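> Pasting a structure here, questions to come.
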Amino acid sequence: MTETTIPESPSGTAKSDAEVEAGQQPDNPDTVKPSSAKKKKKGKGKKHEMLPALQALEGQLPWKVFVSQRLGRHGLAKEALKPGQLLLLEEPVVCIILPPCVSSVCHHCLEDVNTTAKPLWDEKWLHSVRGACKELHRQLSGKGARGLADAQQMLEWAALIQSNIHGTGTDDTNQDKAIGLYPGLSMLNHSCQPNCTWSPAGGARIQIRALTPIASGEQLTVSYTNLMEPRSQRQKDLLKSKHFVCQCLRCRQPFAESNDRLLEGVSCTSASCPGLLLGTVAGTPEELQGAWRCTECGKEVPARSPGGTGPLDLHQAALGTWQQISLQSGNHPHAKIRLLWEALLRQFGGGPGKLNECHVALFDCLLPLMNCCRATGDDTAAITHLQNVLSIYARVLPIPIPELGNFTALLGMMLAERAAKSPPALRSRTRKAVGETLNRAAEIRRICLGPDHPKTLETEAQAKVCL
């Protein structure tokens, strides 16, 4: 497909005011959990108009916006789509630099510089924003402004914006530099295992590409949250930030059969059993107080034990320890923090009755531990920890995503650094491993970023040098 760019358009909003009032959520494939609140009756004959910018490009796009009561506005493929296929290039209606980056990135190109349903809205957020809207309305009215919306309308607009903004300007650290409102992107619903992704495409512009083969008529989905968080945490984050309860295919899959079990499961206490102990209900701590059952042998284990070795004891203690180490990380030398991360892995992981190797508390140790090892000159340990990160990604989320491309490219460069230090007799073999790793990174980046993206071209060039 030729590059199709949606220009800035002040008319582009992701959900209409009526949709917000009715509780329709920007959810995923089959995704919306209806609100229990009484919905406001819509006027007869009310139509969902196509966004002008999308309407102008409708014939050029391989997907179309549809509207349903269950999914709200959502995108469906008009034809079979291939991984890496460009679906949209879009400029934001508005782009705001995030506070940590205000003095470190250009406010035009974002390059580094040298210096819904009402019951789902957090009442504190509503109270705060409602007060701000009333004050803004009062001040503007006092200055003679005409044609002002009332404070309630301003609140609804604030809700629309807050639900539909997306981060952009992401660099190799996987941190956003700014937030923007992209009408086209906001038409795509969320999934915890999406078939599309968006990424920066120069300045504040973003691009949307297919991650997996998509059949004609299949819904296009992207992710609004960290996909390597446990199901319970993703649900909590989406409810707080986007104000809907996710019911995507991944979240609806029986927990004991889902890859999500790996992020929360505890190894069975029977040494010969490969199964995982899971809470009777995967969710809040209160729901996990009962017996935990093994997915393979069916053995039941009390959630808590007097010695603090029950599966729920370990789960909560590991997460608490992780938080404590994270708070200390900026105040102590890397060598000391490394010892703390390694102690956490030894204490809570490895063996029957311990957290399984993919558990989120152990997984989240690996990247900071890798950074500590690099800082202290232990390249071999750093490489091992990063390889473990990629292995867990493959088991939990077997789809190409931009973060995976970044981590694979980093592994290639770390292997290259080690190869340069190797004896001449081993150098050719290690260089081949470097090239193969960089080729995998380039393949992921071709899908997520496109074949002409600077990061893709750079990784391809690095791989050719090694092969």
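> In segment 394-449, how many residues are assigned to a helix (DSSP H, G or I) and either among the charged types (D, E, K, R) or more than 20 Å from the chain's Cα centre (by Cα) (or both)?
Matching residues across segment 394-449 total 33.
Residues are listed down the side, and each one gets a yes or a no for (1) under 18 Å from residue 200 (Cβ atoms); (2) modelled with pLDDT of 80 or more; (3) touching a Cys at 6+ places or on another chain (Cβ under 8 Å); (4) hydrophobic (A, V, I, L, M, F, W, C):
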| residue | (1), (2), (3), (4) |
| --- | --- |
| 46 | no, no, no, no |
| 64 | no, yes, no, no |
| 70 | no, yes, no, no |
| 82 | no, yes, no, no |
| 98 | yes, no, no, yes |
| 108 | yes, no, no, no |
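> So, one more: When you scan segment 339-386, how many residues do you find that are small (Gly, Ala, Ser), closer than 20 Å to residue 319 by Cα and touching a helix residue (DSSP H, G or I) at 6+ places or on another chain (Cβ under 7 Å)?
Count: 2.
> Could you tell me whether any residue of segment 215-231 is among the charged types (D, E, K, R), over 18 Å from the mean Cα position of the chain (by Cα) and assigned to a loop (DSSP other than H, G, I, E, B)?
yes
> Follow-up. If you scan segment 365-377, which residues turn out to be farther than 12 Å from residue 390 by Cα and surrounded by fewer than 20 Cβ atoms within 10 Å (Cβ to Cβ)?
Of everything in segment 365-377, those that are farther than 12 Å from residue 390 by Cα and surrounded by fewer than 20 Cβ atoms within 10 Å (Cβ to Cβ) turn out to be 368, 371, 374, 375, 376, 377.
> In this structure, does residue 362 turn out to be modelled with pLDDT of 95 or more, surrounded by 17 or more Cβ atoms within 10 Å (Cβ to Cβ), farther than 25 Å from residue 297 by Cβ and not charged (D, E, K, R)?
On the way: modelled with pLDDT of 95 or more: yes; surrounded by 17 or more Cβ atoms within 10 Å (Cβ to Cβ): yes; farther than 25 Å from residue 297 by Cβ: no; not charged (D, E, K, R): yes.
It is false that residue 362 is modelled with pLDDT of 95 or more, surrounded by 17 or more Cβ atoms within 10 Å (Cβ to Cβ), farther than 25 Å from residue 297 by Cβ and not charged (D, E, K, R).
> Here are 146, 138: which of them is over 30 Å from residue 396 (Cα atoms), out of contact with any helix residue (DSSP H, G or I) (no Cβ under 6 Å at 6 or more places or on another chain), surrounded by fewer than 19 Cβ atoms within 10 Å (Cβ to Cβ) and at pLDDT below 70?
From the options 146, 138, the qualifying one is 146.
> When only residues in segment 452-467 that are under 23 Å from the mean Cα position of the chain (by Cα) and either in a loop (DSSP other than H, G, I, E, B) or basic (Lys, Arg) (or both) count, which is surrounded by the fewest Cβ atoms within 10 Å (Cβ to Cβ)?
453
> Taking segment 199-214, which residues are at negative phi, of a type outside the set (Lys, Arg) and out of contact with any Pro (no Cβ under 7 Å at 6 or more places or on another chain)? Please lay out each step first, then the result.
Restricting attention to segment 199-214, the residues satisfying the condition of being at negative phi are 199-201, 204-214.
Those still in the list that are of a type outside the set (Lys, Arg) too: 199-201, 204, 206-208, 210-214.
200, 201, 207, 208, 214 - these are the residues of segment 199-214 that are at negative phi, of a type outside the set (Lys, Arg) and out of contact with any Pro (no Cβ under 7 Å at 6 or more places or on another chain).
> So, one more: Tell me which of these residue 287 doesn't satisfy, since it passes every other one: (1) in a helix (DSSP H, G or I); (2) at pLDDT 90 or above; (3) more than 16 Å from the chain's Cα centre (by Cα).
(2)
> Moving on. Pull out all pairs, ordered by first then second residue, where Cβ-Cβ is under 9 Å, the residues are six or more apart or on different chains, the first lies in segment 342-360 and is more than 17 Å from residue 271 (Cα to Cα), and the second is in a helix (DSSP H, G or I) and of a type in the set (S, T, N, Q).
Close Cβ pairs (under 9 Å, with a partner that is in a helix (DSSP H, G or I) and of a type in the set (S, T, N, Q)) amount to 343/321; 344/321; 347/321; 358/391; 360/233.
> Let me ask something else about it. Assess whether residue 199 counts as being among the polar types (S, T, N, Q), modelled with pLDDT under 70, under 25 Å from the mean Cα position of the chain (by Cα) and under 30 Å from residue 393 (Cα atoms).
Details: among the polar types (S, T, N, Q): yes; modelled with pLDDT under 70: no; under 25 Å from the mean Cα position of the chain (by Cα): yes; under 30 Å from residue 393 (Cα atoms): yes.
Here the answer is no, as residue 199 does not meet what is asked.
> Okay, next question. Any residue at all in segment 335-345 that's touching an Asp or Glu at 6+ places or on another chain (Cβ under 7 Å), outside any loop (DSSP other than H, G, I, E, B) and surrounded by 15 or more Cβ atoms within 10 Å (Cβ to Cβ)?
no
> Within the bounds of segment 124-131, is there any residue that is surrounded by fewer than 18 Cβ atoms within 10 Å (Cβ to Cβ), at pLDDT below 70 and in contact with a Lys or Arg (Cβ under 8 Å, 6 or more places away or on another chain)?
No, the conditions are met nowhere in segment 124-131.
> Now, a different point. Given the structure, is residue 314 closer than 29 Å to residue 195 by Cα and either not in a loop (DSSP other than H, G, I, E, B) or not hydroxyl-bearing (Ser, Thr, Tyr) (or both)?
Criteria not met by residue 314.
The values are calculated or read from the model by the stated rules, or taken from the named source; none is laboratory data. Not measured: the values here are computed from a predicted model. We place every Cβ from the backbone using ideal geometry, glycine too, and count neighbours over all the protein chains shown.
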